[in-house]
Amino acid sequence: MKVRICFVLLISFPFVLSAQSDSAEGDAFGWVHDLKANLNLTQSTYDNWAAGGEDTFAWQFTLNNADTLFQENFQWGNTLVFDYGQTKIGGEDARKNVDEIDFESMFIYKLNVFLNPFVSVRVLTQIDDGFDYSDDQELKVSKLFEPLYITESFGVGYEPWKDFTTRLGLAVKHTIADEFAALYSDDPETPDEVETIRNEVGLTSVTNFKTNLTENIVFQSKLDLFSTLHRIDEVDVDWNNVLQGKLNEIISVNLTVRLLYDKDVNVNRKRQLKQVLAIGFGYDFW
């Protein structure tokens, strides 16, 4: 319960402050807000179809919010991504296909045009129970706020132009789990006890890139790397790529390709790959 309360407060605090800001539109300094929502739907129905097939229905809701405070000597940015969706096939119960809450708060002190020191906190978790359906069984492997990843980092950021930023620094990564500690937070090198919190100190690198390929097509990429100091050659990778094409003001086509590798989660030490192609409805609130 304490973890849930702290998590809610952590997310709410910067948005409350931004709502209280009085910056006039067009000012060089002040708050800049960006809130986008997307709903993707996929449906197929078969009736007396000779070749066979099962009815399917899938949906995915994504909310992206960014609030950034620009000042002469510093910049404070807060981003929140909420992503959740389910798939239902035939007479089976609906199963989730995506479930993620990703919040980051970063403070940048402006020294010059390109290189600036930063400190940041990132929280990554989920809201719903997760199951492993392999081997024809339903095995629960995650739940609300479990696993919970918290990463604090500081270092130097480089921004040669507006839509390309990269940063490098030291980080402390906390992996928190209780019921599923054996899957996420436990250290296999200490078999005598099950650890509910694993703390790792290492190097972090985060690179963001965005470009308009055409007037209606946008490509965004985020590469997040982390390596512990005692195993610098083993790198955790989270590489997310999104290609979005807008058909009109509210309808868009989205292609998402995400590559994940985490040596502590994958026992077989293999990479994870997810690809989603969807057409849906989106709206920019501001």
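For segment 98-191, the ratio of Cα radius of gyration to the globular rule of thumb 2.2 N^0.38 Å stands at 1.45. Here's the list of lysines a cross-link from residue 210 could span, going by alpha-carbon distance under 29 Å and ignoring same-chain residues fewer than 8 apart: 36, 96, 110, 162, 173, 222, 246, 263, 270, 274. Rounded to the nearest 500, the helix-only mean residue ellipticity at 222 nm of the chain stands at -2500 deg cm²/dmol, with each DSSP H run of n ≥ 4 adding -39,500 (n - 2.57). For segment 195-207, putting each phi into the Karplus relation 6.51 cos²θ - 1.76 cosθ + 1.60 with θ = phi - 60° gives couplings of 8, 8, 9, 10, 10, 10, 10, x, 9, 10, 9, 10, 10 Hz, in residue order, rounded to whole numbers and with x for Gly and Pro.
Projected label points at residue 128 and residue 250, each 7 Å from Cα along the beta carbon direction, are separated by 2.4 nanometres. Once a ≥ b ≥ c are taken as the square roots of the eigenvalues of the Cα gyration tensor of the chain, is the result rounded (a/c under 1.5), prolate (a/b larger than b/c) or oblate (a/b not larger than b/c)? The shape class here is oblate. Here the dipole of the chain is about 780 debye; that uses its Cα centre as origin and unit charges on the Cβ of Lys and Arg (positive) and Asp and Glu (negative). Our estimate of slack between residue 41 and residue 119, defined as 0.36 nm per intervening residue step minus the Cα-Cα distance, is 24.3 nm.
Direction-averaged projected area, Cα convex hull, segment 33-116: 8.1 nm², rounded to one decimal.
For residue 130, the residues whose modelled amide H falls within less than 5 Å of its own, excluding neighbours fewer than 5 places apart on the same chain, are 141, 142, 143. Taking every alpha-carbon pair under 8 Å whose residues sit at least 6 apart, segment 49-111 reaches a relative contact order of 34 percent.
Applying the Karplus relation 6.51 cos²θ - 1.76 cosθ + 1.60 with θ = phi - 60° to segment 34-51 yields 3J(HN,Hα) values of 8, 10, 10, 10, 9, 10, 9, 10, 9, 8, 9, 10, 10, 9, 6, 8, 4, 6 Hz, where x marks Gly and Pro. Starting from the amide H of residue 110, placed 1.01 Å from N in the peptide plane, find each other amide H under 5 Å away whose residue is 5 or more places distant or on another chain. Placed amide hydrogens put 74, 75 under 5 Å from residue 110. Computed over the alpha-carbon atoms, segment 160-286 gives an Rg to Rh ratio of 1.08, Rh here being the Kirkwood radius from the mean inverse distance. Once segment 206-280 is represented by equal point scatterers at the alpha-carbon sites, with solvent omitted, what log10 I(q)/I(0) does the Debye formula produce at q = 0.11, 0.13 Å⁻¹? These q points yield log10 I(q)/I(0) values of -0.39, -0.51. The modelled label-to-label distance for the pair residue 232/residue 95, using points 7 Å beyond Cα in the direction of Cβ, is 4.2 nm.
Take every pair of alpha-carbon atoms less than 8 Å apart whose residues are at least six positions apart; their mean separation over the length of the chain yields a relative contact order of 12 percent.
Straightening the chain between residue 243 and residue 257 buys 4.2 nm, computed as 0.36 nm per residue apart minus the Cα-Cα spacing. Relative to its residue count, segment 46-94 spans a Cα convex hull of 83 Å³ per residue.
Computed from the coordinates by the stated procedures, all read-outs in this text should not be read as laboratory data. Source: prediction; values computed, not measured. Positions of Cβ are generated from backbone atoms using ideal geometry, with glycine treated the same way; all protein chains shown enter the neighbour counts.
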